[in-house]
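The values are calculated or read from the model by the stated rules, or taken from the named source; none is laboratory data. Bear in mind that the values here come from a model prediction, so they are computed numbers and not experimental data. All Cβ positions, even for glycine, are placed from backbone atoms using ideal geometry, and neighbour counts span all protein chains on display.
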Amino acid sequence: MRVFIDHPEGVNHELCMRVTTLLDRYLQDHTVEVSSPGLEKRLRKPEHFRAAVGQKIKVKTFGPVEGERNFTGFLFSEDGRELVLEMDQGRRVAIPAESVAMARTVFEFGGQEKPRKEKPRKKKRRKRD
C-alpha cells in the first residue's frame, strides 16, 4: 500500500514515521510506503489549485489558449471555472478549467527552475515510394 501525505508546513521524516505508526495494523499483512507528493506537486482538484494561489505553476492545455498550449507563471486566481496565471511582464492569461490537461507547482532551485532532462526526439520515417 502506498500512502502520500501533505501538510501546509511541509512533510518531514518525523511526520512520515507518525503516519506509519498510525497504519501499524496494516504492516502485518501489507507493505506500507508513506511519502510526500514531492517538491513539484500535481494539481488536479479545485482545492489543489486554491492552495497553490500565489505559487509558480506550469500548465499544459488540451488545445491552444490565446495561441499557446504551455504556460508557466504565478497562479493569480482560481474560481473552479478558470485559472488566471500572471505571466512575464504582468500579462495575465485566463485558462478555462476544462482546458487543463496537466498542471503542477514549479520548485525553483536558487531562483531557477529545476533542470529537466531532454526527451529524445523520435525520428520521422520517410515513406518509401
Could you list, in sequence order, the residues of segment 40-52 that are modelled with pLDDT of 80 or more and in a loop (DSSP other than H, G, I, E, B)?
L43, R44, K45, A52
Of the residues that sit in segment 62-93 and are surrounded by 14 or more Cβ atoms within 10 Å (Cβ to Cβ) and of a type in the set (G, A, S), which one is farthest from A51 (Cα to Cα)?
G73
Checking A103 against (1) in contact with a Gly (Cβ under 9 Å, 6 or more places away or on another chain); (2) touching a residue at least 40 places away in the same chain (Cβ under 8 Å), only one condition comes out false. Which one?
(1)
Filtering segment 94-128 for residues that are outside any loop (DSSP other than H, G, I, E, B), at pLDDT below 90 and surrounded by 13 or more Cβ atoms within 10 Å (Cβ to Cβ) leaves a count of 2
Just wondering, is there one or more residues in segment 20-39 that are part of a loop (DSSP other than H, G, I, E, B), on the phi > 0 side of the Ramachandran plot and at pLDDT below 85?
yes
